[in-house]
Every structure is written in C-alpha cells, then in structure tokens.
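*Asks:* A single structure is presented below for examination.
The values are calculated or read from the model by the stated rules, or taken from the named source; none is laboratory data. Because the structure is predicted, anything quoted here is derived from the model rather than measured. Don't worry about glycine lacking a Cβ; one is built from the backbone with ideal geometry, like all the others, and counts go over all protein chains shown. Side chains included, ligands, DNA and RNA excluded: accessible areas come from the protein's heavy atoms. Shrake-Rupley method; radii C 1.70, N 1.55, O 1.52, S 1.80 Å.
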Amino acid sequence: MLYRTMPQTGDLVSILGFGCMRLPLGPEGKIDEDRATALVRSAIERGVNYVDTAYPYHGGEGEPVVGRILRDGFRERVHLATKLPTWLVESPEDFDRYLEEQLERLRTDHFDYYLLHSVNAERWERMRKHGFDKFLDRALSDGRIRRAGFSFHDQLPLFKEMVDAYPWHFCQIQYNYLDSDYQAGAAGLKYASERGLGVVIMEPLRGGSLVRNVPPAVMEIWNQSPKSYSPAAWALRWLWDQPEVSMVLSGMTTESDLEDNLSAAEGAEPGCLDGKEKDMVGRVKAEYLSRMKVGCTGCQYCLPCPAGVNIPECFNRYNIAFMFDDVKHARETYSIFVRKNTEASLCVKCGACEEKCPQGLPIRKLLADVVELLEKK
C-alpha cells in the first residue's frame, strides 16, 4: 500500500480508503456483519488505514456496525472518519448532541476526521446560522475530533466560499474522469489543494456506473491497452495520477472489489499514467458523453426556474440512464439528486428557460421526457 501525506497535519493516509456506504448485505437487506467485518479487517491488514462512515449509512446501522468491526485493536490502526448529519441540525445544541451520539455508536472517544456531511447551499446557510465554526473550534480543542472537514455537493462558487470560510484540514468531493467539471470538479480540487487542504475523493466510480454494464464500445477502448487493468482500476489510477488527490474512497462490497482496488493501487504514484493512457481515458469519456440524450452543458443559464425545477440536474439524471444503459439506477438516484420541489414534473411550460438556453434546447419537451422515464411509476 502506498501512502500520501495530508497537508497541514502530516498524517500518512493510505491512497485507498474504505468507504462504508456499501457494505455487504444479507437476504433481508441488512448489513451482513460477518462478511463486512471480514472485508474491512482484511483491507486494514493489507494496509488500508482510513475508514469512512456517516450517520445515515445503511439506514443508521452503518456507524454501530463499523464500531463493532473496529473492535479487537483495529480502531487503533486506522484514521476513523464520520460525518455530521447537517440536514438534522435545528439548533446550536444539536452539533454536540449528534457528535456525542456518534462517538457512542462508533465506540470511540474521538474521530480522527470529522466532516460536515453533504453540504449544499441550503445546508451551508444552516451551518452558518447555528454556528458550525464555534462547534468545530470547541470539538477540536477538547479532542473529540482531530481534523475538521466537509463533504460537498453543490457548485464551484459555493465550494470556494466554503474553503475560505474556516481553517479546514481537508474536504471531500465527488470527482472522477467523467465528472471532472461537475460540482467542485478539477477546478475545486486545485483550489483546495493550493490552500493547503487535503482532498479526499468520493464516487471515484460514479456510484458504480463506470464499472457496471460497461458498453462494448468502452470496453473496446480499454482493451487496446497492453495493461490488463479493470475499468475500476483505470478510474482509480486516473485519480491517483493527480498529486492534488490525497486519498480515494472506494465503497467496496465484495472481496473481489477489495482485490481489484488493491491491485490498482500498486505503483499508483502521482504521474502514474503516461500520455497515451491519459488519451485513452479521454476517449472513454468522449464515448460516454456521445451517448447523452440531452446536450445540456450544465451552464445554469436556465436558472432560476420560476417553478423551481432543477433543470440541469433533471437532464443529468436523464442522460445517465442512456450513458450507462441503466434506467433503474437513474430512477433510484433521481430522487436523491433532484431534491423535493425541484422535480421535472413541476414545469409549468412557461418557456422562460428556453429563451435563455445557449444550446437552444427544447427544454419543456425534454422535461416531459424526464417525467415519463424517471418519475412515473
């Protein structure tokens, strides 16, 4: 296992972190604790020293299970990270209440890395209103948390504002070769790195989309390389090639996932991809993008919509259904990323968006297509 140094802190973290959002499940849909324990402990034995969970994972059972997995001396061998449920904070007192509950659930007296979870514009305003900075100062001072950070799900301007708003140790962003310009993106990665933050990457495989139902045309490109890497390995190594990346979280579910990820991590130093390999990744990205049904660039000129529709994200989820031949996954994630009261079905067909769209898209008709594919039962 290779390790990289977190800026500011000097912590050595494994380039591969274990994300505990997708632990193996039993027949009733609950975590198979025996398999999960064996998997996580195997990763730690192989050099993984960063374990990431969160308050809502696995319906709230994720933290207690991880706490039990890390018994028998394994807690002392890892940097343990979890996240404050920002959407549940209704008062300044809630910060400490949730932190204390999480410490108990995870059977520890401190968290090595603690994040404000899934921050967007609305949640950022909530955090500021209730005094997140005073809470973090207090928790850092009394040792309940060692490093403070945030995970991010919004646009680049807000990301930059957040980076500059507090002396964070690190941040966590969604980033992969297909989403290099999505949310914080490559620009955000560099911005945070230049300001001394460690950057943890989530969704390196785009929720599994880059390895599930891989189109034959994409596999044909991957197979042109003399190196027999899996699609997952290529995606991971594209990230590790970048020196600004401190660590990549992978939500591993099976032993084969672990083996593939560990194999991909071998020799994955910054600069591990040569020019031909970077070009190959670029061609794979172009192939995926060519399968998009809606030529939306995400410029957001169409916003704000008078009816509240999140037009770019509606189109993003719609495109995913076709890019990855996976309507089921697109429907499942639609309700997550297209938040309540921003759905395509709220369109009143006023046409204001079409007057502002640089691409000249027939947005009203396309939103009706989104409703048909992703909203109707």
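*Asks:* Being open to solvent by less than 50 Å² (accessible area, probe 1.4 Å) and free of Cβ contacts under 8 Å to residues at least 24 places away in the same chain is the filter here; which residues of region 328-353 pass it?
*Replies:* Within region 328-353, just GLY351 meets the criteria.
*Asks:* Sticking with this structure for a sec: So for region 291-304 (the condition being at pLDDT below 95, outside any loop (DSSP other than H, G, I, E, B) and open to solvent by 10 Å² or more (accessible area, probe 1.4 Å)), does at least one residue qualify?
*Replies:* No, because not a single residue in region 291-304 is at pLDDT below 95, outside any loop (DSSP other than H, G, I, E, B) and open to solvent by 10 Å² or more (accessible area, probe 1.4 Å).
*Asks:* Using the structure shown, decide if VAL294 is in contact with a Leu (Cβ under 6 Å, 6 or more places away or on another chain) and in contact (Cβ under 8 Å) with a residue 60 or more places away in the chain.
*Replies:* Spelling it out, VAL294 is indeed in contact with a Leu (Cβ under 6 Å, 6 or more places away or on another chain) and in contact (Cβ under 8 Å) with a residue 60 or more places away in the chain.
*Asks:* Within region 45-64, how many residues turn out to be at negative phi, open to solvent by 10 Å² or more (accessible area, probe 1.4 Å) and either of a type outside the set (Asp, Glu) or not in a helix (DSSP H, G or I) (or both)?
*Replies:* Matching residues across region 45-64 total 7.
*Asks:* Please work out which one of (1) farther than 22 Å from SER151 by Cα; (2) of a type in the set (Lys, Arg); (3) in contact (Cβ under 8 Å) with a residue 60 or more places away in the chain is the condition LYS83 fails and give its number.
*Replies:* (1)
*Asks:* Do the conditions hold for VAL284, that is, is it touching a helix residue (DSSP H, G or I) at 6+ places or on another chain (Cβ under 8 Å), β-branched (Val, Ile, Thr) and touching a residue at least 24 places away in the same chain (Cβ under 8 Å)?
*Replies:* In short, yes.
*Asks:* List the helices (runs of 4 or more DSSP H) that sit entirely inside region 87-157 and contain at least 3 residues that are closer than 22 Å to ALA192 by Cα and at pLDDT below 95.
*Replies:* In region 87-157, the matching helices (runs of 4 or more DSSP H) lie at 121-129.
*Asks:* Would you pick out the residues in region 365-377 that are under 30 Å from SER118 (Cα atoms) and open to solvent by 60 Å² or more (accessible area, probe 1.4 Å)?
*Replies:* Those that are under 30 Å from SER118 (Cα atoms) and open to solvent by 60 Å² or more (accessible area, probe 1.4 Å): GLU372, LYS376, LYS377.
*Asks:* State yes or no: is GLY360 at pLDDT below 90, of a type outside the set (Ser, Thr, Tyr) and not in a helix (DSSP H, G or I)?
*Replies:* So GLY360 passes the test.
*Asks:* Among the residues that make up region 172-190, is at least one of them free of Cβ contacts under 8 Å to residues at least 24 places away in the same chain and open to solvent by 40 Å² or more (accessible area, probe 1.4 Å)?
*Replies:* The answer is no, given that none of the residues of region 172-190 is free of Cβ contacts under 8 Å to residues at least 24 places away in the same chain and open to solvent by 40 Å² or more (accessible area, probe 1.4 Å).
*Asks:* Looking at MET6, MET21, MET1, which one is in contact (Cβ under 8 Å) with a residue 24 or more places away in the chain, under 20 Å from the mean Cα position of the chain (by Cα) and open to solvent by 50 Å² or more (accessible area, probe 1.4 Å)?
*Replies:* Criteria check complete, one pass: MET21.
*Asks:* Another question, if that's okay. Of these, GLY26, GLY67, which one is open to solvent by less than 60 Å² (accessible area, probe 1.4 Å) and without any contact (Cβ under 8 Å) to a residue 12 or more places away in the chain?
*Replies:* Going through GLY26, GLY67 in turn, just one is open to solvent by less than 60 Å² (accessible area, probe 1.4 Å) and without any contact (Cβ under 8 Å) to a residue 12 or more places away in the chain: GLY26.
*Asks:* Would you check which residues across region 79-96 are open to solvent by less than 10 Å² (accessible area, probe 1.4 Å) and more than 20 Å from the chain's Cα centre (by Cα) and list them?
*Replies:* Correct list: VAL89, PHE95.
*Asks:* With the structure loaded, tell me whether GLY149 is under 27 Å from GLY59 (Cβ atoms), small (Gly, Ala, Ser), surrounded by 21 or more Cβ atoms within 10 Å (Cβ to Cβ) and touching a strand residue (DSSP E or B) at 6+ places or on another chain (Cβ under 9 Å) or whether it fails that test.
*Replies:* So GLY149 passes the test.
*Asks:* If we keep just the residues of region 9-40 that are in a helix (DSSP H, G or I) and in contact with a helix residue (DSSP H, G or I) (Cβ under 7 Å, 6 or more places away or on another chain), which is nearest to VAL245 (Cα to Cα)?
*Replies:* Filtering region 9-40 for residues that are in a helix (DSSP H, G or I) and in contact with a helix residue (DSSP H, G or I) (Cβ under 7 Å, 6 or more places away or on another chain), the one nearest to VAL245 (Cα to Cα) comes out as VAL40.
*Asks:* Test of understanding: among LEU103, LEU99, LEU136, which residue is out of contact with any helix residue (DSSP H, G or I) (no Cβ under 8 Å at 6 or more places or on another chain), farther than 21 Å from ASN49 by Cα and open to solvent by less than 30 Å² (accessible area, probe 1.4 Å)?
*Replies:* Criteria check complete, one pass: LEU136.
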